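Asker: I have a structure I would like to understand better, so I am pasting it below and will then ask my questions one at a time.
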Amino acid sequence: MIWNRSIPRATVIPVLAYIDAEEAAAWLCHAFAFTIRLRVDTHRVQLNVGEGAVIVRELRPLEIGSPVGLGHSITVRIDDADAHCDLARKHGAKITQEPATHPYGERQYVAEDLAGHSWTFSQSVADMLPEDWGGTSEQLL
């Protein structure tokens with residue numbers, strides 16, 4: 001695979017639709033501490049998320065009025081779930097699950113952004129084998 005500076009290097013790049021891509025990008029940067037990688041006019045913005053990326057785009061005419069993001073969520077790994085949650089709440093994120101530490105070694109919280117997209121933010125707090133908490137592993141990478 002060749003490297004193209006016009007697209008993030010991440011292997012998987014979620015693309016989320018918003019009524020106003022510029023407003024959404026600004027909000028995500030303030031609330032979730034993302035940074036802008038590049039803009040394509042005013043209809044698409046690439047955001048840096050740690051070593052990953054998210055692209056926000058404007059809704060297409062046929063998408064306007066449709067339910068936003070029903071059944072999907074994006075998980076982003078972070079360093080401090082509690083501080084990140086405080087920042088998100090300060091900037092108007094709707095916290096749907098407060099930070100909690102789970103048996104699989106992650107401290108997570110869930111927030112909805114300004115358009116209703118669901119985001120899970122996850123802080124690793126322990127290195128756990130799946131079998132230690134009831135999971136199964138096929139092959140650990």
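The values are calculated or read from the model by the stated rules, or taken from the named source; none is laboratory data. Everything numeric in this text was worked out from a predicted model, so none of it was measured. For neighbour counting, all protein chains shown are included, and Cβ atoms are generated from backbone atoms with ideal geometry for every residue, glycine included. With ligands, DNA and RNA removed, areas are computed over all heavy atoms of the protein, side chains included. Shrake-Rupley method; radii C 1.70, N 1.55, O 1.52, S 1.80 Å.
Asker: Report, to the nearest whole %, how much of the accessible area of the stretch 28-141 belongs to carbon and sulfur atoms, 1.4 Å probe, protein only.
Answerer: Of the solvent-accessible surface of the stretch 28-141, carbon and sulfur hold 51 percent.
Asker: Based on Cα coordinates alone, diagonalise the gyration tensor for the chain, multiply each eigenvalue by 5, take square roots, and list the semi-axes in whole Å, largest first.
Answerer: Taking √(5λ) for each eigenvalue gives 28, 19, 15 Å, largest first.
Asker: Place a +1 charge on the Cβ of each Lys and Arg in the stretch 35-94 and a -1 charge on the Cβ of each Asp and Glu, then give the dipole magnitude about the Cα centre in debye, rounded to the nearest 20.
Answerer: Charge dipole, the stretch 35-94, about its Cα centre: 220 debye, nearest 20.
Asker: On to the next question. Rounded to whole Hz and in sequence order, give me ³J(HN,Hα) for the stretch 10-26 from the Karplus expression 6.51 cos²θ - 1.76 cosθ + 1.60, θ = phi - 60°, writing x for Gly and Pro.
Answerer: Couplings: 4, 6, 10, 10, x, 10, 10, 9, 9, 4, 10, 5, 5, 4, 4, 4, 4 Hz.
Asker: Provide Rg over Rh for the stretch 93-139; use the alpha carbon set for both Rg and the Kirkwood Rh (inverse mean inverse pair distance).
Answerer: 1.11
Asker: So, one more: For the chain, what is the calculated [θ] at 222 nm in deg cm²/dmol (nearest 500), taking -39500 (n - 2.57) for each run of four or more DSSP H residues and dividing by its residue count?
Answerer: My calculation for the chain gives -4500 deg cm²/dmol from helical runs alone.
Asker: Using DSSP to call loops (not H, G, I, E or B), can you name the trypsin sites (Lys or Arg not before Pro) in the stretch 6-86 whose Cβ has at most 12 other Cβ atoms within 10 angstrom?
Answerer: Within the stretch 6-86, the qualifying trypsin sites (Lys or Arg not before Pro) (loop, at most 12 other Cβ atoms within 10 Å) are ARG9.
Asker: Helix 81-90 versus the longest principal axis of the chain: what angle, 0 to 90°, nearest 10, using Cα atoms?
Answerer: Rounded to the nearest ten degrees, it is 30.
Asker: A further question on this structure: Counting only residues 5 or more places away or on other chains, whose amide H sits under 5 Å from the amide H of THR75 once H atoms are built in the peptide plane?
Answerer: THR120
Asker: Could you work out the Rg to Rh ratio of the stretch 21-102, with Rh taken as the Kirkwood radius (inverse of the mean 1/r over all Cα pairs)?
Answerer: Radius of gyration relative to Kirkwood radius: 0.98.
Asker: Given a Förster distance of 35 Å, report the FRET efficiency between MET128 and ARG89 from their Cβ-Cβ distance, rounded to the nearest 0.05.
Answerer: 0.80
Asker: Projected onto the charge dipole of the stretch 1-110 (+1 at Lys/Arg Cβ, -1 at Asp/Glu Cβ, origin at the Cα centre), which of HIS72, ASN48, LEU28 gives the Cα projection farthest towards the positive end?
Answerer: After comparing all options, I get ASN48.
Asker: Relative contact order of the stretch 21-141, please, whole-number percent, based on alpha carbon pairs below 8 angstrom and at least 6 residues apart.
Answerer: 21
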